[in-house]
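For reference, the structure discussed in these notes is given below.
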Amino acid sequence: MELANIYNDIYHCHICPKMDPFKEKRNISAVSHKTKVFIISQALAEKQLRLSGVNFFTSDGILGSTGKQLEKFLNTFNQTVFPPNDIILKNGSVINQGDLNKTSVYNTEITQCFPGKEAKGDRKPDTSEIKNCLDKNFLFNEIKIIKPKLLLLMGRLSIKTFYKFILGNEPNKSTNEMIDDIVRKGIIPKCELGEHKLGFLPIQHASGLNPQYNTMLKNSDLLKLIKRFLNE
């Protein structure tokens, strides 16, 4: 399977010297074939996918803090971070499948390793690390295989990278301003990646430390727009 080959290539890629080399291979059993929503995040977190092989979940099978926050947003348009079936991890821990009335989303990262720590938390990937991952075509190949309807660009680094390397321009507005512009127009923008046309939407990072995320959760016009787009 093509996706399994990509996961194998990601697992064996260690070309960035500042990145932490340890990571579990991503668990293909956690991927839904019905996925419509594809989330692009910044990098591997220290204690979730990197240790469990399943996005947003720890090696104990527990949903991490970012996943819990993100789940609130996704549930408003019938999506979930939970996998489409029960997943048994290497250590015997179980991640239970999600609500059968909701569709499991797909998540990947701009950079496929854990960048390590710095004084104020996780280090942000630098330009060379981002370019290394993009040059490997991990992201583009995942999109090509999954064929989502909507990309959610979660967090500033994800947004800036997508706009710069895929759309060919850099955003000069804040994330809130970009969201407000899209809601005001009432149309989710689209782009073409290869032969696939899809929508894309900048969103606030689902961090408990980000007050703007909770503001976004209350944006009923945004949520209606997403629902309408996914049902078209």
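The values are calculated or read from the model by the stated rules, or taken from the named source; none is laboratory data. Being a predicted model, the structure only gives us computed values, none of them experimental. As a convention, Cβ positions derive from the backbone with ideal geometry for all residues, glycine included, and neighbour counts pool all protein chains shown. Calculation scope for accessible area: heavy atoms of the full protein, side chains included, ligands and nucleic acids excluded. Shrake-Rupley method; radii C 1.70, N 1.55, O 1.52, S 1.80 Å.
Residues whose amide H falls under 5 Å from that of Asp20, counting only those 5 or more places apart or on a different chain, are Phe114, Gly116, with hydrogens built in the peptide plane.
Rounded to the nearest whole Hz, the Karplus-based 3J(HN,Hα) values (6.51 cos²θ - 1.76 cosθ + 1.60, θ = phi - 60°) of the range 71-78 follow the sequence 4, 4, 5, 5, 4, 5, 10, 6, with x at glycine and proline. Full extension of the segment from Asp135 to Asp181, taken as 0.36 nm per residue of separation minus the current Cα-Cα distance, would add 13.5 nm. Normalised by the number of residues in the range 1-57, the mean separation of alpha-carbon contacts (under 8 Å, six or more apart) gives a relative contact order of 34 percent. At a 1.4 Å probe, what is the % contribution of carbon and sulfur to the accessible area of the chain? C and S fraction of accessible area: 48 percent.
The order of Leu225, Leu193, Leu100 by accessible area, most exposed first and with a 1.4 Å probe, is Leu100, Leu193, Leu225.
Contact order for the chain, expressed relative to its length and based on alpha carbon pairs under 8 Å spaced 6+ residues apart, stands at 22 percent. Ranked from largest, the principal axis spans of the Cα set of the range 33-168 equal 38, 35, 25 Å. Under 20 Å from the 7 Å Cα→Cβ point of Glu24, by amide nitrogen: which residues of the range 91-133? Answer for the range 91-133: 91-99, 104-116. Projected onto the charge dipole of the chain (+1 at Lys/Arg Cβ, -1 at Asp/Glu Cβ, origin at the Cα centre), which of Ile6, Leu201, Val183 gives the Cα projection farthest towards the positive end? Of the candidates, Val183 comes out farthest on the positive side. Computed over every Cα-Cα pair of the range 127-232 and binned at 5 Å starting from 0, the pair-distance distribution P(r) comes out as 2, 11, 21, 24, 20, 14, 6, 1 percent. For the range 108-179, the gyration tensor built on C-alpha atoms gives an oblate shape. Its axis ratio a/c (a ≥ b ≥ c) is at least 1.5, and a/b is not larger than b/c.
The dipole here belongs to the range 105-225: it is taken about the Cα centre, uses +1 on the Cβ of Lys and Arg and -1 on the Cβ of Asp and Glu, and is about 200 debye.
Starting from the Cα gyration tensor of the chain, take the square roots of the eigenvalues, sort them a ≥ b ≥ c, and report rounded, prolate or oblate (rounded when a/c is under 1.5, otherwise prolate if a/b is larger than b/c, else oblate). Judged from the Cα gyration tensor, the chain comes out rounded (a/c under 1.5).
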